[in-house]
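Engineer: Below is a structure I'd like to ask you about.
The values are calculated or read from the model by the stated rules, or taken from the named source; none is laboratory data. Predicted model, so just to flag it, every value in this text is computed and none were measured. Cβ placement follows ideal geometry from the backbone for every residue including glycine, while neighbour counts extend to all protein chains displayed.
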Amino acid sequence: MKEAILFVAVTALAADFEWNLPKGFPKPVVPADNPMSAAKVELGRYLFYDKRISVNGKQSCGSCHRQELAFTDGLARAAGTTGELHPRSSMSLVNVAYAPTLTWANPTLTSLEEQALGPLLNTAPVELGLKGREEVFLGELRRDPVYQQLFKKVYPGTANPFTLGNVTKTLAAFERTIISMRSPYDRYRWGGEPDALSPAAKRGELIFFSSERGGCFQCHEGWNFSEIRYEGGHDGPDDRAMTGAFLNTGVSHYAAPNRGIYEFTGQPQDIGKFRAPTLRNIELTAPYMHDGSMATLEDVIAHYAAGGKYPHANQSKVIRPLQLSQQDRRDLIEFLKSLTDRDMLRDPRWSDPWAGKPH
Amino acid sequence: MRTILLAMLLITGLFAQETDAVQITGDVKQPLTLSAADLAKYPRATVRTTSNGMETVYEGVWLHEVLKKAGVPQGGELRGKALSSYVLAMAQDGYQVLFSLGELDPAFIDNQILLADTANGKPMFGAQGRFRLVVPKDKPGARSVRMLTKIEVVQLRKAQ
């Protein structure tokens with residue numbers, strides 16, 4: 001009987017979350033042991049922006065994933081709370097719920113819950129620096145009236161809901177809600193608004209989706225401009241068979257520790273292979289590439305038009321010199337800018353709840 | 001200078017403009033230029049695809065129906081010399097893919113190759129092109145040519 005009541009309570013909690021996706025877009029995958037609920041997402045928002053999560057109280061998750069920059073930080077390489085530089089650039093969290101694997105070059109990391117532990121506990125380099133201080137932080141949460149109320153609501157019937165596992169589950173649930181599908185391009189392509197794009201962006205679309213002229217879509221594929229997983233699975237036949245989800249695109253010499261998925265697989269043919277990230281909101285996520293080595297979209301297009309900068313045996317065959325006029329490049333950039341979802345940058349669902357409040 | 005400017009305008013125009021008809025040309029008895037209005041008079045067919053979790057219903061005409069109208073050998077006539085013919089599908093940007101006549105004929109094989117003109121009930125546009133091929137039985141999407149402008153039938157038979 002008790003179990004039945006608990007089950008009903010959990011179901012009711014889960015059922016109060018609505019994705020509210022535009023028509024036609026698939027739902028993301030949610031792990032069975034971490035169902036969505038409106039309260040959990042709200043608690044996640046508080047945790048995401050809480051600087052007490054860092055060793056010196058200077059940074060939160062939101063420090064390297066800033067809403068106004070499409071949840072990136074504007075830096076070439078992320079800087080942790082004690083100032084240590086990460087070897088790679090902060091990735092956008094937009095549509096991270098659909099990412100089959102997480103981070104730039106870890107083919108084994110598939111769970112957002114697990115990923116959240118990285119920035120919390122990593123020591124080489126220190127990101128938030130929570131390692132060894134976990135209990136102190138959880139104690140702070142336990143004493144805070146905001147969290148006393150929220151944790152009880154999200155994890156009812158638990159003697160001690162203030163655990164690191166619940167913190168990462170909650171952060172993951174919040175991150176899953178950061179979804180962008182309402183850019184001008186979405187309105188043009190799927191929303192029945194032919195005038196949502198400028199003529200230049202429309203010309204850019206043709207270059208992007210032409211394998212003869214740009215071929216960008218071959219790696220930045222589908223509605224998310226990156227490979228995805230969604231509720232119900234993969235599509236079966238998969239373009240990844242041709243390109244691979246991780247690619248060497250001739251961006252650098254790929255010295256350690258930036259050797260791509262090789263760091264995990266140890267296979268020489270994997271040196272330099274990094275994720276092709278989503279291009280949604282790319283206008284706001286400069287500087288570009290895993291190492292932040294390209295300052296502007298013009299630089300990125302020049303890189304691909306040249307067929308890569310640092311020739312490597314593993315370089316993808318998709319990367320080859322392109323004939324792009326100055327006008328073509330401008331058009332491509334206009335197209336990429338049409339992927340910016342401005343509403344998302346101001347949406348209160350993802351904003352800092354602590355802003356203006358002492359904590 | 002003016003010539004260069006004019007050339008640039010023409011090139012830009014070429015790529016920006018959507019073609020409003022598909023040509024069926026080459027070794028055919030009856031070359032055709034088909035607009036969406038023409039295709040509307042053919043037997044219509046639909047194909048449902050899912051890409052990245054997004055479903056699209058394409059409507060148009062099976063390519064073999066169009067080829068039949070152009071007088072390309074089909075069924076019992078598709079034998080001997082005709083079996084060395086192929087079909088080149090060409091896109092506005094120069095992209096080309098090839099099908100053999102045999103793999104387009106339902107008398108040979110249960111294939112599905114649609115010359116589509118609408119997606120989810122609406123005329124296609126932009127990077128889809130006004131017309132495209134949809135080949136759901138192919139594993140990759142590479143032969144589902146977008147921005148389709150021309151279908152050329154070529155007789156390949158070589159002298160011994």
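Engineer: Can you find, within the range A:189-201, the residue that is nearest to A:GLN115 (Cα to Cα) among those that are at the interface with chain B (Cβ under 9 Å from one of its Cβ atoms) and without any contact (Cβ under 8 Å) to a residue 60 or more places away in the chain?
Structural biologist: Residue satisfying both the conditions and the ranking: A:ARG189.
Engineer: Okay, next question. Report, by residue number, each residue of the range B:127-146 that is farther than 14 Å from B:VAL66 by Cβ and touching a residue at least 60 places away in the same chain (Cβ under 8 Å).
Structural biologist: Once the filter is applied, which keeps residues that are farther than 14 Å from B:VAL66 by Cβ and touching a residue at least 60 places away in the same chain (Cβ under 8 Å), the range B:127-146 yields B:GLY129, B:ARG130, B:PRO136, B:GLY141.
Engineer: Continuing with this model, one more query. Being surrounded by fewer than 18 Cβ atoms within 10 Å (Cβ to Cβ) and closer than 26 Å to A:LYS27 by Cβ is the filter here, so list the residues in the range A:191-216 that pass it.
Structural biologist: The answer is A:GLY191, A:GLY192, A:GLU193, A:ALA196.
Engineer: Name the residues in the range B:74-94 that are surrounded by fewer than 19 Cβ atoms within 10 Å (Cβ to Cβ) and more than 18 Å from B:LYS158 (Cα to Cα), would you?
Structural biologist: Scanning the range B:74-94 gives B:GLN74, B:GLY75, B:GLY76, B:GLU77, B:GLY94.
Engineer: Also: For the range A:205-220, which positions are more than 7 Å from chain B (Cβ to nearest Cβ) and more than 15 Å from A:ILE333 (Cβ to Cβ)?
Structural biologist: The answer is A:GLY215, A:PHE217, A:GLN218, A:CYS219.
Engineer: Restricting attention to the range A:205-213, does a residue exist that is within 25 Å of A:SER111 (Cα to Cα) and at pLDDT below 95?
Structural biologist: no
Engineer: B:GLN96 fails exactly one of the following numbered conditions: (1) without any contact (Cβ under 8 Å) to a residue 60 or more places away in the chain; (2) within 14 Å of another protein chain (Cβ to nearest Cβ); (3) more than 16 Å from B:ILE24 (Cβ to Cβ). What is the number of that condition?
Structural biologist: The number of the failed condition is (3).
Engineer: Which residues, counting only those in the range A:168-188, are in a helix (DSSP H, G or I), surrounded by fewer than 24 Cβ atoms within 10 Å (Cβ to Cβ) and within 14 Å of chain B (Cβ to nearest Cβ)?
Structural biologist: Answer for the range A:168-188, where residues must be in a helix (DSSP H, G or I), surrounded by fewer than 24 Cβ atoms within 10 Å (Cβ to Cβ) and within 14 Å of chain B (Cβ to nearest Cβ): A:PRO184, A:ASP186, A:ARG187, A:TYR188.
Engineer: Just one of the numbered conditions (1) under 20 Å from A:LYS169 (Cβ atoms); (2) touching a strand residue (DSSP E or B) at 6+ places or on another chain (Cβ under 7 Å); (3) crowded, with 16+ Cβ neighbours inside 10 Å is not true of A:LYS131; which one?
Structural biologist: Answer for A:LYS131: the failing condition is (3).
Engineer: What is the residue count in the range A:150-160 for residues that are surrounded by fewer than 21 Cβ atoms within 10 Å (Cβ to Cβ) and assigned to a helix (DSSP H, G or I)?
Structural biologist: The total comes to 2.
Engineer: Kindly check whether there is at least one residue in the range A:26-40 that is buried (at least 16 other Cβ atoms within 10 Å of the Cβ), of a type in the set (Ser, Thr, Tyr) and under 26 Å from A:GLU134 (Cβ atoms).
Structural biologist: yes
Engineer: A further question follows. Can you tell me which residues in the range A:263-294 are hydrophobic (A, V, I, L, M, F, W, C) and closer than 17 Å to A:GLU334 by Cα?
Structural biologist: Within the range A:263-294, A:LEU279, A:ILE282, A:LEU284, A:ALA286 qualify.
Engineer: While we're on this one: Working only within the range A:15-41, note down all residues that are of a type in the set (A, V, I, L, M, F, W, C) and without any contact (Cβ under 8 Å) to a residue 12 or more places away in the chain.
Structural biologist: A:ALA15, A:ALA32
Engineer: Here is a further query. Restricting the range B:144-160 to residues that are modelled with pLDDT under 95 and part of a loop (DSSP other than H, G, I, E, B), which is farthest from B:MET124 (Cα to Cα)?
Structural biologist: B:GLN160
Engineer: Among the residues of the range B:109-125, what is the count of those that are without any contact (Cβ under 8 Å) to a residue 60 or more places away in the chain and within 14 Å of chain A (Cβ to nearest Cβ)?
Structural biologist: Going through the range B:109-125 one residue at a time, the tally reaches 2.
Engineer: Given the structure, is A:VAL300 of a type in the set (Val, Ile, Thr), in a loop (DSSP other than H, G, I, E, B) and more than 17 Å from the chain's Cα centre (by Cα)?
Structural biologist: Against the criterion (of a type in the set (Val, Ile, Thr), in a loop (DSSP other than H, G, I, E, B) and more than 17 Å from the chain's Cα centre (by Cα)), A:VAL300 does not qualify.
Engineer: Another question, if that's okay. With the checklist (1) more than 12 Å from the chain's Cα centre (by Cα); (2) within 11 Å of chain A (Cβ to nearest Cβ); (3) not hydroxyl-bearing (Ser, Thr, Tyr) in hand, flag the one item B:ARG157 doesn't pass.
Structural biologist: Result: B:ARG157 fails condition (2) only.
Engineer: Can you name every residue in the range A:42-90 that is at positive phi and either under 16 Å from the mean Cα position of the chain (by Cα) or of a type in the set (A, V, I, L, M, F, W, C) (or both)?
Structural biologist: Answer for the range A:42-90, where residues must be at positive phi and either under 16 Å from the mean Cα position of the chain (by Cα) or of a type in the set (A, V, I, L, M, F, W, C) (or both): A:ALA70, A:PHE71, A:GLY74.
Engineer: Could you check A:GLY222 against (1) within 20 Å of the chain's Cα centre (by Cα); (2) in contact (Cβ under 8 Å) with a residue 24 or more places away in the chain and say which number it fails?
Structural biologist: (2)
Engineer: Of all helices (runs of 4 or more DSSP H) completely enclosed by the range A:1-98, which ones contain at least 1 residues that are modelled with pLDDT under 95 and more than 26 Å from A:GLU283 (Cα to Cα)?
Structural biologist: Result: A:2-15.
Engineer: Which ranges mark the strands (runs of 3 or more DSSP E) fully within the range B:1-106 that have 2 or more residues being under 29 Å from A:ALA201 (Cα atoms), at pLDDT 90 or above and more than 13 Å from the chain's Cα centre (by Cα)?
Structural biologist: Values: elements: B:21-26, B:32-35, B:45-51, B:54-62, B:85-91, B:96-100.
Hits in the range B:1-106: B:45-51, B:54-62.
Engineer: Also: In this structure, does A:THR163 turn out to be surrounded by 14 or more Cβ atoms within 10 Å (Cβ to Cβ), more than 11 Å from chain B (Cβ to nearest Cβ) and free of Cβ contacts under 8 Å to residues at least 60 places away in the same chain? Break it down stepwise before answering.
Structural biologist: On the way: surrounded by 14 or more Cβ atoms within 10 Å (Cβ to Cβ): yes; more than 11 Å from chain B (Cβ to nearest Cβ): yes; free of Cβ contacts under 8 Å to residues at least 60 places away in the same chain: yes.
Yes.
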